[in-house]
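Here's the structure, in structure tokens; my notes come after.
Every read-out reported here was derived from the displayed coordinates using simple, explicitly stated rules and does not represent laboratory data. None of these values were measured; they are calculated from a predicted model. Methodologically, a virtual Cβ is constructed for each residue, glycine included, from the backbone with ideal geometry; neighbour enumeration extends over all protein chains shown.
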Amino acid sequence: MMLKLSGEALAGSEGGFGIDQPTLQVLATEVAEAHALGAECGVVIGGGNIFRGLKGSAQGMDRATADYMGMLATVINSLALQDTLERLKVPTRVLSALEIRQVAEPYIRRRAIRHLEKGRVVIFAAGTGNPFFSTDTAAALRSMEIGAELLCKATKVEGVYDKDPAKHADAVMLRRLTYDRCLSDRIGVMDSTAMALARENKLPIRVFALLKRGNIKRVLLGEDVGTLVTETGQES
């Protein structure tokens with residue numbers, strides 16, 4: 001399983017900046033429970049609670065420089081999650097696409113697979129290591145590289161809706177979607193590059209609420225949580 005987490009979620013329910021420790025503790029506990037089931041768990045985490053490359057670019061920064069700053073923000077979040085998981089006695093490794101050997105191992109595919117085989121949670125930091133690519137794309141790419149059977153996108157809402165549930169009381173959650181509909185209708189499950197990559201490799205995506213207690217465990221146990229995105233829009 002590959003778990004994609006937004007950096008903004010670490011800032012807590014009020015949003016804002018930085019890392020909210022109670023939220024981080026809840027999140028780490030959820031991952032620890034998934035690990036206890038015997039699942040091989042990879043995690044990709046964003047950096048939007050610290051710095052978002054697109055925002056920096058919109059404010060006049062060079063896009064590549066802004067994206068590299070965003071990658072460094074993901075390293076900070078990855079180290080925070082690693083520390084919390086290890087205090088829960090979960091063996092964890094941070095593998096970074098940018099070489100920062102003092103704090104994280106460099107990303108090497110075979111090394112990542114070996115860590116997973118040894119029962120360690122692997123946190124993939126610094127996105128793909130390239131500017132102009134999101135952490136969504138990094139999650140899809142790393143999923144394929146390690147042979148993940150499912151990409152789990154944990155969000156602030158229960159799943160994917162036909163309209164913004166924060167603005168529309170009559171919004172309906174969509175239980176099943178196809179990759180093609182997500183791309184053609186610009187449904188914001190993941191960015192288009194990540195979605196196209198998942199479609200080409202037939203990687204199912206499960207979208208569900210991040211902080212609803214027990215959701216990650218339910219997904220691993222096969223429960224129909226949130227929204228499932230596949231080639232046919234049905235369970236395979």
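Points to keep in mind about this one:
- Cβ crowding within 10 Å ranks Asp185, Asp67 as Asp185, Asp67, fewest other Cβ atoms first.
- Ordered by the number of other Cβ atoms lying within 10 Å of each residue's own Cβ, fewest first, His35, His168 fall into the sequence His168, His35.
- Here the label points at Arg101 and Lys118, each 7 Å from Cα along the C-beta direction, are separated by 1.8 nm in the simple model.
- Sparse-neighbour loop sites [trypsin sites (Lys or Arg not before Pro); the stretch 93-167; at most 12 other C-beta within 10 Å; DSSP]: Arg101, Lys118, Lys163, Lys167
- Entry note, the stretch 84-123: relative contact order of 42 percent, from Cα contacts under 8 Å with a spacing of 6+ residues.
- Within-9-Å neighbourhood charge of Glu30 [Cβ basis; K, R +1; D, E -1]: +1
- With a simple spin-label model that places each label point 7 Å from the Cα along the Cα-to-Cβ direction, the separation between Leu72 and Glu149 comes to 4.0 nm.
- Violating pairs (Cα-Cα greater than 18 angstrom) within the set Lys4/Lys167; Lys4/Lys217; Lys153/Lys212; Lys4/Lys163; Lys156/Lys212: Lys4/Lys167; Lys4/Lys163
- Positive-end ranking of Leu85, Pro165, Ala66 along the dipole of the stretch 2-230, with charges on Cβ about the Cα centre, is headed by Leu85.
- Neighbour counts of other Cβ atoms within 10 Å put Tyr161, Tyr179 in the fewest-to-most order Tyr161, Tyr179.
- Mean Cα-pair separation over length for the chain, i.e. relative contact order, pairs under 8 Å, 6 or more apart, %: 20 percent
- Estimated [θ] at 222 nm from DSSP helical runs (n ≥ 4, -39500 (n - 2.57)) normalised by residues in the chain, nearest 500: -11500 deg cm²/dmol
- Model label sites at Arg87 and Ala36, defined 7 Å from Cα along the beta-carbon direction, differ in position by 1.8 nm.
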